[in-house]
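In what follows, a structure is listed as C-alpha cells, so that the remarks can point back to it.
The values are calculated or read from the model by the stated rules, or taken from the named source; none is laboratory data. Just so we're clear, the structure is a prediction, and the values are computed from it rather than from any experiment. For neighbour counting, all protein chains shown are included, and Cβ atoms are generated from backbone atoms with ideal geometry for every residue, glycine included.
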Amino acid sequence: MNQFNKISGLIAIRGHHFYANLINSDSIVLDLGAHLGQFSSEVSDIFGCCCYAVEALPSLYNKIVETSLVKKFNYAISITDELVEFCITDNPEFNHINKGSTYSVKETIKIEGLSIESFMKRNTLQSVDLLKVDIEGAEIDLFKSMSDTTLCKIKQITIEFHDFVFNSNREVEAIINRLKLLGFACVIFSRSNNGDVLFINLKQCQLPFFDYIYIQFLARYFRGLSRIITRLLSKETLTQGKE
C-alpha cells in the first residue's frame with residue numbers, strides 16, 4: 001500500500017518516502033535490499049519505469065518476480081567486490097553482512113559482494129533517478145565506497161538507516177552531513193530514529209518553491225499530525241462500535 005500526497009508530490013512505498021514528481025517512465029530506480037521485490041514492483045507499476053532489484057539472500061532473490069521493467073540481481077552490496085559472509089538471523093527482516101546486530105545469527109553463507117559503483121558500471125548506469133537503500137547496516141559501507149562524483153549522479157535517495165539495530169549513530173550523522181555538503185536536502189520522516197530518510201539532490205532537481213518548503217520544513221510534522229488524527233479517529237470509531 002502506498003500513500004501519495006498530491007499537493008507536495010511525496011509518496012511512501014513500503015516505509016520509504018520519495019518525491020514522485022521526479023520519477024517518470026524514463027527513470028532508473030535502484031532498489032538495494034529488494035527483499036521480495038515489492039518496492040520495485042509497486043514503483044514500476046505506478047511510473048512504468050525500469051527498476052533494478054538487488055537482494056543478497058538467495059531464498060528471497062529467487063522469489064522476486066522479474067518483468068520487462070523489474071530486473072533482479074543476487075548480490076550483497078558491499079564496500080569491495082569480493083565474497084562476503086552473510087548472516088541469517090532469527091529475525092528475517094535483519095539478515096545482514098554487519099556483525100554488530102543485536103539479533104542472534106542462525107547461520108552464515110557466502111554471497112558475492114559488489115560495490116554500488118561496480119554494479120553501475122556492469123549495468124552501464126550513468127545516473128540513478130531514485131536509490132532506495134534497505135540493506136541492514138551495510139549502508140555505512142555503501143556510502144564509504146561511493147565517491148562524491150557517484151553520489152552527485154543520484155537525484156534522490158530514500159534510505160532506512162539501521163542505527164536502531166547497530167551502533168552506528170556517529171556514522172549515520174557523518175553520512176547526513178556529507179550529503180548536505182554535496183547539495184542534498186535531508187528530510188527525516190521517522191520519529192525516534194533514522195529509519196525513513198529522504199535525500200534530494202537540489203543541484204540536479206528543480207523543485208517548485210512550495211514543494212521545497214513543504215518537504216524541507218513541514219512534511220515530517222504534517223505526517224506526525226496525520227498519524228495522530230488517524231489514531232484518534234480509529235479510537236472514536238472503535239468506541240462508537242462498542243456502544
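Annotation note: of 62, 24, the sole residue that is among the polar types (S, T, N, Q) and within 20 Å of residue 200 (Cα to Cα) is 24.
Does residue 11 count as in a loop (DSSP other than H, G, I, E, B), surrounded by 20 or more Cβ atoms within 10 Å (Cβ to Cβ) and among the β-branched types (Val, Ile, Thr)?
In short, no.
Check whether at least one residue in the range 47-70 is polar (S, T, N, Q), modelled with pLDDT under 95 and surrounded by 22 or more Cβ atoms within 10 Å (Cβ to Cβ), and report yes or no. Taking every residue of the range 47-70 in turn, none turns out to be polar (S, T, N, Q), modelled with pLDDT under 95 and surrounded by 22 or more Cβ atoms within 10 Å (Cβ to Cβ).
Of the residues 243, 139, 160, which single one is modelled with pLDDT under 90 and either under 20 Å from residue 11 (Cβ atoms) or buried (at least 20 other Cβ atoms within 10 Å of the Cβ) (or both)? Give the steps one after another, and end with the answer.
Working: 243 fails: either under 20 Å from residue 11 (Cβ atoms) or buried (at least 20 other Cβ atoms within 10 Å of the Cβ) (or both); 160 fails: modelled with pLDDT under 90.
It is 139.
Scanning the range 117-142 for residues that are of a type in the set (A, V, I, L, M, F, W, C) and within 16 Å of residue 161 (Cβ to Cβ) returns 131, 133, 135, 138, 140, 142.
For the range 165-178, a residue qualifies if it is within 15 Å of the chain's Cα centre (by Cα) and buried (at least 20 other Cβ atoms within 10 Å of the Cβ), and the qualifying residues are 172, 175.
Only one entry of 81, 31 meets the criterion of being closer than 24 Å to residue 202 by Cβ and either part of a strand (DSSP E or B) or over 19 Å from the mean Cα position of the chain (by Cα) (or both), and that entry is 31.
Each row is one residue, and each column tells you yes or no for (1) farther than 22 Å from residue 187 by Cα; (2) among the small types (Gly, Ala, Ser).
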{"residue": "9", "(1), (2)": "no, yes"}
{"residue": "15", "(1), (2)": "no, yes"}
{"residue": "22", "(1), (2)": "no, no"}
{"residue": "32", "(1), (2)": "no, no"}
{"residue": "37", "(1), (2)": "yes, yes"}
{"residue": "45", "(1), (2)": "yes, no"}
{"residue": "52", "(1), (2)": "yes, no"}
{"residue": "58", "(1), (2)": "yes, no"}
{"residue": "72", "(1), (2)": "yes, no"}
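Within the range 75-89, residues that are farther than 11 Å from residue 141 by Cα and among the polar types (S, T, N, Q) reach partners that are modelled with pLDDT under 85 and assigned to a strand (DSSP E or B) with beta carbons closer than 6 Å, at six or more positions or on different chains, in the pairs 89/105. Looking only at the range 24-60, residues that are closer than 19 Å to residue 89 by Cα, touching a Leu at 6+ places or on another chain (Cβ under 9 Å) and without any contact (Cβ under 8 Å) to a residue 24 or more places away in the chain come to 1 in all. Before we move on, is residue 99 in contact with a strand residue (DSSP E or B) (Cβ under 6 Å, 6 or more places away or on another chain), modelled with pLDDT under 90 and basic (Lys, Arg)? It is false that residue 99 is in contact with a strand residue (DSSP E or B) (Cβ under 6 Å, 6 or more places away or on another chain), modelled with pLDDT under 90 and basic (Lys, Arg).
Apart from one condition, residue 170 fits all of (1) in contact with a helix residue (DSSP H, G or I) (Cβ under 6 Å, 6 or more places away or on another chain); (2) farther than 26 Å from residue 23 by Cα; (3) of a type in the set (Lys, Arg); the exception is (1). When only residues in the range 183-199 that are out of contact with any helix residue (DSSP H, G or I) (no Cβ under 7 Å at 6 or more places or on another chain) and modelled with pLDDT of 85 or more count, which is nearest to residue 20 (Cα to Cα)? Across the range 183-199, the extreme among qualifying residues is 198.
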